[in-house]
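The values are calculated or read from the model by the stated rules, or taken from the named source; none is laboratory data. These numbers come from a predicted model, not from an experiment. In this analysis, Cβ positions are derived from the backbone assuming ideal geometry, glycine residues included, and neighbour counts consider all displayed protein chains. Just the protein is used for accessible areas: all its heavy atoms, side chains included, with ligands, DNA and RNA removed. Shrake-Rupley method; radii C 1.70, N 1.55, O 1.52, S 1.80 Å.
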Amino acid sequence: MSENVHAPDLSVNLAGVTLKNPVVAVSGTFGFGREYGEYYDIGRLGAVCVKGITLLPRGGNPPPRVAETPMGMLNSVGLQNPGIDAFLSDELPFLRRFDTAVIANISGNTPEEYARMAEKLGDMVDLIEVNISCPNVKAGGMLFGTDPALAAEVTRAAKRAAGRPVLVKLTPNVTDIAHIALAVKDAGADGISLINTLGGMRIDTETRRPILRMNTGGLSGPAVLPVAIRCVYQVRGLGLPVLGMGGVSTASDAVEMMLAGAHAVGIGSAMFADPYAPMKVLQGLGEFMASHHLTRISELTGGVLPWEA
Ligand code: SIN
């Protein structure tokens, strides 16, 4: 007699795109995949989100631009990248060798720049992540993400030109993240990514100088996990697909993120401490499904239960 055993279904749907599993390498922590490709088959990931791309190449901010913090790190990289044309000609073909979805994270100084980049990407990537939340640039970035009208304007511009679904990456450095999420939803976003980094600063007590050359930077790592969970939870009622990220380093963190409302989960800074973190999270998710008798991982999304009155 054969037992009817179904393989656990780790696939998820993110804004209309099927990912083989919910584990996504977060933009800015995975480069364009080449270095991590030396550790494991990056085709095992649900998706790779590439380092933030701009219309023209950028050298980024002067060093020091990273600093350690309790349970995390600060960065003020400043969107160092080779520009969209070099991405398309030199980096995307490498990533396309792997059986994983590719998400292009794009940043611009104006809504028109986002549109031009979305147009250049065409249908060559699976999803576009419109970054309106970088805290380390003087123009664009977080300025767009903290104003609902500007956030909507950028979203509309990118959507008009995009040939693939658009996720908008939100900053937690606002009073009410659901307000911004609603603005980008109304402007046509297909989904949202959250959270980008929290503004932070450290000072060297001997030199009395800020540790970062740009004085302030963005905080990531395990310290921000509860903030990320809270933000994902606060947008869950909007009916938008969510790529949840911020401080996730274990399978248990990823389950928590999905219960809060995420459809897929980003692993970022954790990879700086352990390049295998995404593989360990993936394996742990499979084990969690088995021990909790889940057949589909997507059952977890939004599964947080309310306290009884
Ligand atoms: C950076 O390059 O400064 C980080 C990117 C971001 O926070 O979006």
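Some values worked out for this structure:
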quantity: 5 angstrom amide H check on Ile53, placed H, neighbours 5+ away; calculated: Asn105, Ile106, Ser107
quantity: Cα long-axis angle, helix 277-291 against the chain (0 to 90 degrees, to the nearest 10); calculated: 30 degrees
quantity: Cα gyration tensor category, rounded, prolate or oblate, for segment 88-171 with a/c compared to 1.5; calculated: prolate
quantity: Sites His179 and Thr205 - FRET efficiency at Förster radius 30 Å, r taken between beta-carbons, to 0.05; calculated: 0.20
quantity: Cα-only Debye scattering, segment 1-142: base-10 log of I(q)/I(0) at q = 0.19, 0.20, 0.21, 0.22 Å⁻¹; calculated: -1.19, -1.28, -1.36, -1.43
quantity: Cα shape, segment 174-281, gyration tensor, a/c 1.5 rule; calculated: oblate
quantity: Length-normalised contact order of segment 85-148 in % [C-alpha pairs under 8 Å, at least 6 apart]; calculated: 30 percent
quantity: Rough spin-label spacing in nm, given labels placed 7 Å along Cα→Cβ, for Ser11 and Lys280; calculated: 3.0 nm
quantity: Separation in nanometres of the label points that stand 7 Å from Cα toward Cβ, at Thr250 and Ala139; calculated: 4.5 nm
quantity: Rounded tilt (10° steps) of 148-161 against the dominant C-alpha axis of the chain; calculated: 70 degrees
quantity: Solvent-accessible area per residue, Å², over the chain with all protein chains present [probe radius 1.4 Å]; calculated: 45 Å²
quantity: Distant alpha-carbon pairs in the chain (separation over 30 angstrom), percent; calculated: 28 percent
quantity: Cα-based helix-to-principal-axis angle, 111-121 vs the chain, degrees rounded to 10; calculated: 50 degrees
quantity: Order by protection proxy (mean Cβ within 10 Å, highest first), peptides 255-267, 52-64; calculated: 255-267, 52-64
quantity: Three-way shape call for segment 265-309 based on the alpha-carbon gyration tensor, with the a/c threshold at 1.5; calculated: oblate
quantity: Placed amide H near Thr69: partners under 5 Å, 5+ positions off or other chain; calculated: Leu74
quantity: Sparsely packed trypsin sites (Lys or Arg not before Pro) within segment 179-218, loop by DSSP, other Cβ within 10 Å at most 13; calculated: Arg208
quantity: Carbon/sulfur fraction of accessible area - the chain, other protein chains in place, 1.4 Å, %; calculated: 53 percent
quantity: Segment 1-89: chymotrypsin sites (Phe, Trp or Tyr not before Pro) falling in loop per DSSP and having at most 15 other Cβ within 10 Å; calculated: Tyr39, Tyr40
quantity: Stretch gain in nm, segment Val66-Asp123, where the contour uses 0.36 nm per residue and the Cα spacing is subtracted; calculated: 17.1 nm
quantity: Label-point separation, Tyr39 to Phe272 (7 Å along Cα→Cβ), nm; calculated: 1.3 nm
quantity: Set of lysines near Lys280 by C-alpha distance (under 30 Å), chain-local residues within fewer than 8 positions excluded; calculated: Lys20, Lys51, Lys169
